[in-house]
Amino acid sequence: MKVKYSTIHISSVAILLLLYATHASAQISPPGLGKANTAFWLALGLRQPLDTAGKITSLTYVGIGRTSNPTRDADPFHNQAILVLNQEFYHQYRKNREFSYALSYRRQNSYEEAYPYHSADPAFEQEFRLYGRYAMSTAIGRLKWKNTLRQEFRKFFMPDFKTGEENYQFRTRIKSQLSMPLSGANHPKLSGSAELLFSISKEHEPQQWTRFGYRETRFTVYYTTHPMHLPFTLDIGYMNDLLGTGHNLTDVHYLAIDIIWERKKH
């Protein structure tokens, strides 16, 4: 689905996000799954402290993503899209300062762009990803405002681990988040974010660099709760992924759910 968004529309979404809002224990946001109408993301994770002060934490998760066909339907469960294995470490070295680093493996399926959208050849691409993140947060009344800079190195492989058309990529992500606690026994929270993504890639065939530039924008809104006082965090959210610009803009709508086991240090 290609939609031409006006400046007023995008500004309205950004203002809406600024009225709502993220907490230090952020959601596991969906990865980009390419062109589709709708998509679904489910992640199961384990978060645990690695020191007695609780300043160093580990987040381990596995996630799956599914998508609709690019133009024929709106069923977000139609096609298997991605499998993600992710390990990240966080270090809150000051009250409002944090950095993290991570290693990730991703297997993303490929489909033909024309109906009936069979699996492409090759059927999937593999990716190993290293990234680091630096975050600063501040309190604004009841709200918490967090700004993040994330730098990624992405290495791509074919199913047989040979190099494909794209060899590797450097990607920069700039994200702004806000969170607001809600009243309730389960300590619910409403949160939202806006993220800009820029990248440059080294192609394998032909061997040349692409131009560094803007690629996409991702908007998210999440509801977070801790059901029945169990040691789990449940996040239910929506993401709007805007790929490209102008007449080449593709608009993808995501339903996202993640469940994180909050393991305490004994």
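Readers should treat all values here as calculations from the given coordinates under stated rules, not as data from a laboratory. Note that the structure is a prediction, hence the values are computed from the model and not measured. Don't worry about glycine lacking a Cβ; one is built from the backbone with ideal geometry, like all the others, and counts go over all protein chains shown.
Region 155-255 has equivalent-ellipsoid semi-axes of 37, 18, 11 Å, by the square roots of 5 times the alpha carbon gyration tensor eigenvalues, sorted largest first.
Take each peptide in 242-248, 44-50, count the other Cβ atoms within 10 Å of every residue, and average; sorted highest first, the result is 44-50, 242-248. Summary of the geometry: region 160-218 and region 31-103, compared by the centres of their Cα atoms, lie 12 Å apart. The residue among 126, 260, 245 whose Cα reaches farthest toward the positive pole of the charge dipole of the chain, with charges on the beta-carbon of Lys, Arg, Asp and Glu, is 260. Under 19 Å between alpha carbons, and skipping anything fewer than 8 positions from residue 189 in its own chain: which aspartates and glutamates qualify? Result set, ordered by chain and number: 235, 258, 262. Relative to its Kirkwood radius, the Cα radius of gyration of region 7-262 gives an Rg/Rh of 0.96.
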